[in-house]
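One structure is given here, and the rest of the page talks about it.
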Amino acid sequence: MTAEGFDAGARGPEEIRRAAAEPTETAHSVAAPTRGARWRSLVVAAAPRLGRGLVTAAITCLPVGVLAAIVTRQWDPLIALDNDLIRQATDVTRTSDGFRSALIAWQEAFVPQHVYLLAVPAVIWTWRSGLRARALWGLVTMLIGWNLGLQVKLIVERARPVYDDPVSSAPGFSFPSGHAFNAAMATCTVLVMLWPLLARQPSVVRAVAIGSGATFVVLTALDRVFLGVHFPSDVTAGILLAAGLVTASYAGFAHRPSPAPAPEPSPRPAPTA
C-alpha cells in the first residue's frame, strides 16, 4: 500500500466519527428552537384568554372599586348606616351568651384555611371524573383569589369597627371581610367547577347545591356583622369581589379563540395548448 493510500485509510475512520457526530449536533440545534417555539405557542394561545379575563374583571369588580372609594372618602350616609347597623347587631348578640358562643364557633370553624380544605374533595371529584382542566382551573382560581383578597385589604386599609363594650375582636384591616370573601370565593368556584357534573343530576340536587352554598355565604357574612368585627359594607364587598373574580376567571378559562381562516389555494395556471 502506498503512503497516499495509507493516509487515505487513516483519515477514513476519523471522517466517519465526525460524520456520526454531525446528526447529534444538528439534533441539538434543532431541538432548542423547537422548545422555544412551543413556549411561544403557549403564550400566544393563553394571551386571548388572559385578556378576556382581565377585561371581565375590570367590569365585574367595578362595584367593589366604587364601594372602596366611598369607604376611603368616608361618605357620611354609608358610614352612618354601617355604624347604625353594627350597633343594632351587636346589641342583639349581647342579649344571649349562647348566640354569641355560636357566632364565635362559626368564626373559628370557617377560617379561610378550613374553607379551602373543604373544597378539596370537590376538586378531586372533578379531576377523577375526567374534567382535569376544570379541576386545575378551580384550584388555581381559589388560591389566587385568596391572595387577591388579602391584597385588597392592604390597599384599602379600612379600620375595624370601634365601639363601646365590643362583642369580639379580630386583627388586620376590615375591607373586605376575609371570612365573607373566602366563603363566597370557594362556594362560587366549586359550583362553577362542578356544574357539568351537577347538570347530570336531578334539578332538585342542583337546587340544594346552590341553596346550600348561598346559605353558607350569607350566614358567614351575618356572623361577621353580629360579632361586630366587620361593617355590613365590608361583607358586601367581600361577596361582590369573590363573585366578580370567579366570573372573570371562568370567562378567561372558557374562552375559545376563533381559528384563523385557512389560506385560499392559489389558482393553478391554465394548461397550455
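The values are calculated or read from the model by the stated rules, or taken from the named source; none is laboratory data. On a predicted model such as this, the values are computed, not experimentally measured, just so you know. Quick reminder, even Gly has a Cβ in these numbers, built from the backbone with ideal geometry, and neighbours come from all protein chains shown. Surface accessibility is based on the protein's heavy atoms, side chains included, excluding ligands, DNA and RNA. Shrake-Rupley method; radii C 1.70, N 1.55, O 1.52, S 1.80 Å.
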Cα→Cβ-extended label distance, 7 Å offset, between N147 and Y163, nm:
3.6 nm
Beta carbons within 10 angstrom, averaged per residue: use that to sort the peptides 79-89, 58-68, highest first.
58-68, 79-89
Separation between the R73 and T95 pseudo-spin-labels, each 7 Å from Cα along Cα→Cβ, expressed in nm?
3.8 nm
Roughly how many Å² is the accessible area per residue of segment 130-171, as a whole number, for a 1.4 Å probe?
61 Å²
State the Cα centre-to-centre distance between segment 71-147 and segment 181-206 in whole Å.
17 Å
I want the local charge near R100. Using Cβ-Cβ distances under 14 Å, sum +1 for each Lys or Arg and -1 for each Asp or Glu among the other residues.
-3
Report ³J(HN,Hα) in whole Hz for each residue of segment 98-113, in order, from the Karplus equation J = 6.51 cos²θ - 1.76 cosθ + 1.60 where θ = phi - 60°; Gly and Pro get x.
x, 5, 5, 5, 5, 5, 5, 5, 5, 4, 6, 6, 10, 5, x, 4
Please sort 92-103, 134-145, 152-163, 172-183 by packing, taking for each peptide the average over its residues of neighbouring beta carbons within 10 angstrom, highest first.
172-183, 134-145, 152-163, 92-103
Take peptides 200-208, 218-226 and line them up by average Cβ neighbours within 10 Å, highest first, as a rough protection proxy.
218-226, 200-208
If we count every other residue with Cβ under 13 angstrom of P166's Cβ, Lys/Arg +1 and Asp/Glu -1, where does the sum land?
+1
Please work out whether segment 145-191 counts as rounded, prolate or oblate from its C-alpha gyration tensor, where a ≥ b ≥ c are the square roots of the eigenvalues and a/c under 1.5 means rounded, while otherwise a/b larger than b/c means prolate and anything else oblate?
oblate
So what's the net charge close to D91: Lys and Arg +1, Asp and Glu -1, counting the other residues with Cβ under 14 Å from its Cβ?
0
Which FRET efficiency, nearest 0.05, do L85 and V140 yield, Cβ-Cβ r, R0 35 Å?
0.45
Compute the length gained on full extension between L197 and S212: take 0.36 nm times their separation in residues and subtract their Cα-Cα distance, giving the result in nm to one decimal.
3.7 nm
